[in-house]
1. Output the residue which, of all residues in the stretch 82-125 that are polar (S, T, N, Q) and within 16 Å of the ligand (Cβ to nearest atom), is farthest from residue 61 (Cα to Cα).
2. Among (1) more than 19 Å from residue 114 (Cα to Cα); (2) modelled with pLDDT of 85 or more, which single condition is residue 164 missing?
3. Go through the stretch 204-228 residue by residue and tally those that are within 20 Å of residue 85 (Cβ to Cβ) and either away from the ligand (no atom under 15 Å from the Cβ) or part of a loop (DSSP other than H, G, I, E, B) (or both).
4. Any idea how many residues of the stretch 344-370 are open to solvent by 60 Å² or more (accessible area, probe 1.4 Å) and more than 26 Å from the chain's Cα centre (by Cα)?
5. With the requirement that a residue be within 16 Å of the ligand (Cβ to nearest atom), buried (at least 19 other Cβ atoms within 10 Å of the Cβ) and part of a helix (DSSP H, G or I), what does the stretch 265-280 give you?
6. Could you grab me the full set of residues in the stretch 181-196 that are open to solvent by 40 Å² or more (accessible area, probe 1.4 Å) and either modelled with pLDDT under 80 or touching a helix residue (DSSP H, G or I) at 6+ places or on another chain (Cβ under 8 Å) (or both)?
7. Could you tell me which numbered condition residue 262 fails, if it satisfies all but one of (1) within 14 Å of the ligand (Cβ to nearest atom); (2) of a type in the set (Val, Ile, Thr); (3) assigned to a loop (DSSP other than H, G, I, E, B)?
Amino acid sequence: MIKEIGIGGAAALMVILLVQGVNVMPLIFLVGILGFLYFFAGSRSATKNFVSAGDRGGSSISFSSIGGQETAKKELMEALDFVRDQKLIHKMGIRPLKGILLIGPPGTGKTLLAKAAANYTQSAFLSTSGSEFVEMYAGVGAQRVRQIFREAVKQAEKLKKSSAVIFIDEIDILGGKRGSHSSHLEYDQTLNQLLVEMDGIDVKDKVKILLIAATNRVDMLDPALIRPGRFDRTVNVDLPDLEGRMQILLLHTKNKPLDPEVDLKAVARDSFGFSGAHLESVANEAAILAMREGSETITSYYFSDAIEKVMMGERLERRPDEEQLWRIAVHETGHALLSEEIRPGSVSSITTTSRGRALGYMRQTPDKESYLYTREYLEGQMAVLLAGSKAEELTLGNRSTGASNDFQQAVKLARQIITSGMSSLGVICMDNVPGKILYESMQELIKSQEARVEETLQKYLGIIKDIAGVLVKNEKINGDYLRQQMEAQRKKLNPPA
Ligand code: ATP
């Protein structure tokens, strides 16, 4: 209505100016530019950009096609049962559930859960991301919020459904605390509009709208958004545990020719810390590698390679010269010897293949899923990290820059010991500890591990060069080979009586 009055008024003004003999050309030009900008901003929001084509309409994803995440699925389904049973809701006078917030790291299946929710509730599904609402033009974000709610109703009516699920990924971009952005007026208007739309959702609406949003930064959200009556259900979507990883691998290998010798449980064990998206990529990469090498089936060799690829990046074509290769092999052997000494059976493989930013690497198999760490464990990890450069020093007479990342991580672990109150400083507030004392305490922790590493490596000095030699020649050795060599050395040093 306001738009029509505006256009009419502008046309009348033009006519009056024309009659009075004023040159209206610059004015027409200006109106043209403004009109174009308005149309451009509006058309961006129309649908294409903020509702991806594949994500409109109903969803065919069901909860059974999501691996692991049992708790998240259960919590979500419980919340959705309210949406499904509208009659009961009316009878009991329950206000409608307006929003569900999924909290978790990237790639853990939040989008899949939202799609499954739409399927479970027989709803239309629209997906967008917080970043799609960010515009430099004031008011456009708010307009897009209005538009997506309208679009949801339209979609549901077209599909003859009585409800619609709107999924907003990265809600923190759009729903951050008000007043915290530099161009806060635009952000605040967008968020205000979202709050208005959510408040407008009513039990009597012909099309019931449910908002599902995802974020990794719940602390960033404006409190108004997470107060009861808005996003009043939060569901944690964590990285999958061993059983979850196994389920996800099963789902993503269902359509692939697995070799009978493949043990998916072992693959799941090897992929500790991976998200669902990582695991999907492992299954896909393993199949690609098998195809490239002309293999009929996907063997565990391809899975192992795929895990390394997903973890460290693509193999690099460039190969260091002989001298550097030798240093890399010695360095990695040092890490592996300490790892095996501290936790026997922990080394899965050692390689001098360059991938991503690593020139070589040693892979450990986690024996159990740990969420809490003792001082002994952290010190052990520090020793493994420090062992690469120590092996270089003992075998080649000097160190190299290859250890700088190891040192950074070792310092981080030392800091973790101190902040957790496990150092000789006891329980402390880091802000009140003088820098000198902190430095000395870190040095104490690092020096004691360096001494431990040196003592261990001296014991195996005789075999470091042998192992490194095999590594240079074969590019990769497995943990069993290393263990055999270590056992032989131990027998040599302490022959049975
Ligand atoms: P982001 O926060 O980065 O948007 P997300 O949590 O929404 O990530 P999804 O987009 O749902 O993650 O997952 C990406 C892909 O990873 C999926 O298409 C699927 O192939 C795979 N995936 C992730 N989690 C699971 C799971 N639990 N079960 C099966 N596949 C999964």
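The values are calculated or read from the model by the stated rules, or taken from the named source; none is laboratory data. These numbers come from a predicted model, not from an experiment. Cβ atoms come from the backbone with ideal geometry, glycine included; neighbour counts cover every protein chain shown. For the accessible areas, the whole protein counts, side chains as well, though only heavy atoms, and no ligand, DNA or RNA atoms are used. Shrake-Rupley method; radii C 1.70, N 1.55, O 1.52, S 1.80 Å.
1. 108
2. Of (1) more than 19 Å from residue 114 (Cα to Cα); (2) modelled with pLDDT of 85 or more, only one is false for residue 164: (1).
3. Residues that pass the stated criteria total 8.
4. Total meeting the criteria: 1.
5. Those that are within 16 Å of the ligand (Cβ to nearest atom), buried (at least 19 other Cβ atoms within 10 Å of the Cβ) and part of a helix (DSSP H, G or I): 267, 268, 276, 278, 279, 280.
6. Hits for the stretch 181-196 are 181, 182, 183, 184, 185, 187, 189, 192.
7. Residue 262 satisfies every listed condition except (1).
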